[in-house]
1. Taking just the alpha carbons, could you work out the radius of gyration and Dmax for the range 7-92, both in angstroms?
2. Please determine, in degrees from 0 to 90 and to the nearest 10, the orientation of helix 8-21 with respect to the longest principal axis defined by the Cα atoms of the chain, where the helix direction is its Cα long axis.
3. For a quick check of your reading of the filter: which chymotrypsin sites (Phe, Trp or Tyr not before Pro) in the range 2-33 sit in a DSSP loop and have no more than 15 other Cβ atoms within 10 Å?
4. To test your reading of the geometry: what angle, between 0 and 90 degrees and rounded to tens, separates the Cα axis of helix 50-81 from the longest principal axis of the chain?
5. Remind me, relative contact order of the chain in percent, using alpha carbon pairs under 8 angstrom and six or more residues apart?
6. Need the list of lysines near Lys51 for cross-linking: C-alpha distance under 29 angstrom, and skip anything on the same chain fewer than eight residues off.
7. Using the crude model of +1 on Lys and Arg Cβ and -1 on Asp and Glu Cβ, and no other charge, please compute the dipole size for the chain relative to its Cα centre, in debye to 20.
8. Any idea what angle helix 27-42 forms with the longest principal axis of the chain, computed on alpha-carbon atoms, 0 to 90 degrees, nearest 10?
Amino acid sequence: MNVSKIPHERKLTLCRKYYMAGFAFLPFMWAVNFVWFLHEAFWAAPYPEQKQIRRYVVVSGVGAATWLVAMVTWVIVFQQNRAAWGPTADYLSFIIPKGVP
């Protein structure tokens with residue numbers, strides 16, 4: 001998406017919507033917000049709404065990175081301990097592997 005063609009007020013509104021959507025457990029929206037508005041927040045010519053956009057972009061980037069670290073950590077822990085957790089891990093799994101661990 002080319003946000004440079006959108007009026008500044010609309011940029012702020014769109015950035016805020018993506019930021020708020022991230023709170024609905026949609027961290028992908030934060031990542032999209034960060035990527036789409038990174039240039040507008042830090043390298044575009046200054047305009048009045050830029051300070052608010054910068055805040056949304058920074059918080060969206062931190063939120064997306066935090067979710068990414070949390071999900072990778074969970075996958076690693078679960079994969080390493082699935083067999084040891086027994087039936088509890090089976091209840092958490094969609095696909096239960098066959099055989100002896």
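The numbers here are math on the coordinates, done by the rules we state, and not lab data. Note that the coordinates shown come from a computational prediction; the quantities given were computed from them, not determined experimentally. Reconstructed Cβ throughout: ideal geometry from the backbone, glycine too, with neighbour counts over all protein chains shown.
1. 17.8, 58
2. It is inclined by approximately 20 degrees.
3. Values: sites: Tyr18, Tyr19, Phe23, Phe25, Phe28, Trp30; in loops: Phe25.
Within the range 2-33, the qualifying chymotrypsin sites (Phe, Trp or Tyr not before Pro) (loop, at most 15 other Cβ atoms within 10 Å) are Phe25.
4. 10 degrees
5. Numbers: 72 pairs, mean separation 24.3, N = 101.
Reported as a whole number, the value is 24 percent.
6. Within reach: Lys5, Lys11, Lys17.
7. Numbers: 10 positive and 4 negative charges, 44 e Å.
Its charge dipole is roughly 200 debye.
8. The answer is roughly 30 degrees.
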